[in-house]
Amino acid sequence: MGNSRVEIVVGLFLICGFLALGWLALRLGDIPWITESQSYTINAEFNNIAGVKVGADVQIAGVVVGKARRISLNEGKQAVVVMQIDHSIAIPVDSVASVKSQGIIGDKYIQITLGGDNTPYKPGDTIVDTESSVDLESLISKFAFGQVK
């Protein structure tokens, strides 16, 4: 009888452990059907997004409010970044999206500078007022070879 009681306790302990592990995986993981209910997507068009990768942070005033979910080219050969933004953040229609770098050679992220308009972007809208990535390597090479005017 003593062995079956130990086996039941060990079984319950394992079940609790697997449930806790599953809960943690759902909380920390990037499960689309969970994160979509807590966020919305908005697009931004850039001439150059060199260095921005899928999963890059989207920040407002240095606070991470979302992630870059997809990067593609549109018909006009501009880079389109689909950003997933926390649903509690309203982005006014006169806001500006910029590609920034954390430090000189750090990871690239998208910085949104909020405007003052009372009308927010709706899910799926596109920010067209953007500042593209600065290509530091081409600037250095132009400066080094005397092509800066």
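Of all residues in region 18-52, how many are farther than 16 Å from S98 by Cβ and at pLDDT 90 or above? Qualifying residue count, region 18-52: 5. Give all pairs with beta carbons closer than 7 Å in which a residue from region 49-77 that is free of Cβ contacts under 8 Å to residues at least 40 places away in the same chain meets a residue that is among the acidic types (D, E); count only pairs at least 6 apart in sequence or on separate chains. Taking only residues 6 or more apart or on different chains, the pairs are V64/D57; G66/D86; K67/D57; N74/E45. Can you tell me how many residues in region 81-99 are under 13 Å from the mean Cα position of the chain (by Cα) and open to solvent by 20 Å² or more (accessible area, probe 1.4 Å)? Within region 81-99, residues that are under 13 Å from the mean Cα position of the chain (by Cα) and open to solvent by 20 Å² or more (accessible area, probe 1.4 Å) number 2. With a requirement of 3 or more residues that are small (G, A, S) and at pLDDT 90 or above, the strands (runs of 3 or more DSSP E) lying completely within region 57-105 that satisfy it span 63-73.
The values are calculated or read from the model by the stated rules, or taken from the named source; none is laboratory data. Just so it is clear, the structure is predicted and the values come from calculations on it, not from any experiment. No Cβ is skipped: glycine too gets one built from the backbone with ideal geometry, and neighbour counts run over all protein chains shown. Calculation scope for accessible area: heavy atoms of the full protein, side chains included, ligands and nucleic acids excluded. Shrake-Rupley method; radii C 1.70, N 1.55, O 1.52, S 1.80 Å.
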